[in-house]
Amino acid sequence: MKLNIKDWKEFKMELLFDIHAGRYHYKNEYSSGNTPYVSASNINNAISEYIDLEPDFNGNCIVTGKVGCTAFYQPKDFCATSDVNIFVPKFKLNQYIGLFIVAVLNKSENYKWGYGRQCRVKNSKNIKIKLPVCYETSNDGKKTLKLDTECTYSSDGYIPDFVFMERYIKSLHSKPVTTNVNKNSSLLQINTGGWHEFILSDIFDIKKGKRLTKADQTDGKTPYIGATDSNNGLANYIGQQPLHDGNTITLSYNGSVGEAFYQPVPFWATDDVNVLYFRKENGVEFNKYIALFICTILKKEKYRYSYGRKWTLENMKSSIIRLPSVLKNDEFFPDFEYMEKYIKQLYYSDRIL
């Protein structure tokens with residue numbers, strides 16, 4: 001299902017939500033527990049820790065940080081710091097509609113707010129976002145905007161198309177915003193002191209992508225991976241046959257240099273992107289968990305490169321990265337088992353598709 005935002009209309013947040021500030025709890029007020037404690041964070045669904053206090057707020061709502069205004073859907077009852085705004089819906093919200101609105105908020109509002117310009121409750125009430133609206137289709141197939149002057153969600157009488165929002169998120173094969181990872185388990189820790197250096201081409205065979213102009217592209221279902229820093233590197237879908245296998249890593253050397261993404265299915269990569277094939281000599285089965293660990297390490301190297309100093313194929317082959325290691329026969333090898341275990345034990349790792 002593709003998005004066409006041309007006919008979307010503006011909605012003021014205070015018409016869709018009751019908005020409140022969080023309540024700060026001092027460290028001496030709580031210990032570790034089971035209640036999510038939401039903070040002004042842009043990671044981990046904004047959950048900073050789990051505490052033993054009773055929840056202050058009901059789940060099935062949206063939260064944003066005052067700094068950066070990063071939005072998250074909260075499925076469960078929680079506590080929140082005073083740096084957080086809580087959006088309580090005036091309509092029947094569920095996780096799918098929540099995730100849709102969160103995506104719109106993050107796309108339209110993040111860049112506007114910072115430490116010097118915080119998004120407080122009064123600011124949040126005045127935020128306007130564009131959402132899909134309801135239309136009616138007559139017997140002759142003519143499409144007209146559906147209006148209701150009594151609609152409390154819009155001063156203009158627009159009716160939000162919540163059904164579309166839900167169907168769209170479901171079409172993305174979304175998974176519930178929950179995790180089966182035991183938050184009380186003993187987590188593997190990162191200690192880079194025991195890591196060792198490895199040449200990238202000793203771990204991967206590195207192959208170039210191939211240029212395909214816009215004019216030569218046809219519509220289809222093959223992922224076309226470009227040198228972008230978002231959307232897993234996906235630029236669009238094309239009708240040409242894939243050139244590269246799935247279960248590989250794409251690493252851009254031009255454009256957004258140093259962006260690394262795991263590609264699960266066969267694809268075509270532009271010539272601004274190199275493709276990393278895991279070598280059989282590594283002796284283990286490559287998978288998404290090992291790949292995601294290594295992608296994070298590769299992205300740490302991108303500060304060395306830019307438009308003026310591209311990460312060319314030859315430079316990439318000779319690049320050195322530091323990885324967890326294991327000693328075998330007096331020689332150090334990458335510890336791929338540790339990498340896989342580390343990713344699997346992270347919160348929400350079970351949601352990795």
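The values are calculated or read from the model by the stated rules, or taken from the named source; none is laboratory data. The structure presented is a predicted model; accordingly, all values stated were derived computationally and were not measured. Cβ sites come from the backbone with ideal geometry, for glycine too, and all protein chains shown count toward neighbours. Surface accessibility is based on the protein's heavy atoms, side chains included, excluding ligands, DNA and RNA. Shrake-Rupley method; radii C 1.70, N 1.55, O 1.52, S 1.80 Å.
The chymotrypsin sites (Phe, Trp or Tyr not before Pro) of the range 73-143 that DSSP puts in a loop, and whose beta carbon has at most 15 other beta carbons within 10 Å, are Phe91, Tyr115. The mean of 1/r over all distinct Cα pairs in the range 62-183, once inverted, gives the Kirkwood hydrodynamic radius of 16.3 Å. With a cut-off of 13 Å between beta carbons, the residues surrounding Ala269 carry a summed charge of 0, where Lys and Arg count +1 and Asp and Glu -1.
Find, to one decimal place in angstroms, the Kirkwood hydrodynamic radius of the chain, where the mean of 1/r is taken over every pair of different Cα atoms and then inverted.
23.2 Å
Taken per residue, the accessible surface of the range 191-245 reaches 61 Å², heavy atoms only and a 1.4 Å probe.
Over all other residues within a Cβ to Cβ distance under 10 Å of Ser108, the charged ones net out to +3, with Lys and Arg as +1 and Asp and Glu as -1. Among the cysteines of the chain, those whose beta-carbon sits 4.7 Å or more from every other cysteine beta-carbon are Cys61, Cys79, Cys134, Cys151, Cys295. Taking Lys and Arg as +1 and Asp and Glu as -1, the other residues whose beta-carbon sits under 12 Å from that of Lys12 total +2. The aspartates and glutamates within cross-link reach of Lys300, meaning a Cα-to-Cα straight distance under 18 Å and a gap of 8 or more places when in the same chain, are Glu197, Asp229, Glu259. Shown here for the range 78-151: GluC sites (Glu not before Pro) in loop regions (DSSP other than H, G, I, E, B) with at most 11 other Cβ atoms within 10 Å, namely Glu150.
Counting only protein heavy atoms and a 1.4 Å probe, the range 94-151 has 64 square angstrom of accessible area per residue.
Once a ≥ b ≥ c are taken as the square roots of the eigenvalues of the Cα gyration tensor of the range 235-274, is the result rounded (a/c under 1.5), prolate (a/b larger than b/c) or oblate (a/b not larger than b/c)? Verdict is oblate for the range 235-274. Hey, what D do you get for the range 275-351 in µm²/s if you plug the Kirkwood alpha-carbon radius into Stokes-Einstein at 25 °C and 0.890 mPa s? The estimated diffusion coefficient comes to 172 µm²/s. Distance between the modelled labels on Leu243 and Arg120, one decimal in nanometres: 5.4 nm (7 Å Cα→Cβ projection). Taking the inverse of the mean 1/r over every pair of distinct Cα atoms in the range 215-353 gives a Kirkwood hydrodynamic radius of 16.1 Å.
Expressed as a whole percent, the accessible surface of the range 19-174 that belongs to carbon and sulfur atoms is 47, based on a 1.4 Å probe. The Glu54 and Asn287 beta-carbon pair, evaluated with R₀ = 45 Å, returns a calculated FRET efficiency of approximately 0.65. Estimated purely from DSSP H runs of n ≥ 4, each contributing -39500 (n - 2.57), the mean residue ellipticity at 222 nm for the chain is -5000 deg cm²/dmol once divided by its residues. Can you give me the % of accessible surface on the range 194-350 that is carbon or sulfur? Probe 1.4 Å, all protein chains present, nothing else counted. Here it works out to 49 percent. Each peptide in 275-281, 216-222 was scored by the mean count of other Cβ atoms within 10 Å over its residues; highest first, the order is 275-281, 216-222.
Mean projection of the Cα convex hull over all viewing directions, computed for the range 33-120: 5.5 nm². According to the square roots a ≥ b ≥ c of the eigenvalues of the Cα gyration tensor, what is the shape class of the range 1-80, taking rounded for a/c under 1.5, prolate for a/b larger than b/c otherwise, and oblate for the remainder? Cα axes put the range 1-80 in the prolate bin.
Take the Cβ-Cβ distance between Cys134 and Thr218 as r, set R0 to 22 Å, and report the resulting FRET efficiency rounded to the nearest 0.05.
Given R0 = 22 Å and the Cβ-Cβ separation, E is 0.05.
Provide the FRET efficiency to the nearest 0.05 for the Thr144-Gln189 pair, computing r from the beta carbons and using R0 = 45 Å.
My answer for the efficiency is 0.15.
For the range 12-42, the list of trypsin sites (Lys or Arg not before Pro) that fall in a loop by DSSP and count at most 16 other C-beta atoms within 10 angstrom reads Arg23.
Scanning the chain for long hydrophobic helices, with DSSP H runs required to stretch 18 angstrom or more by C-alpha along their axis and to average at least -1.0 on the Kyte-Doolittle scale, returns 95-109.
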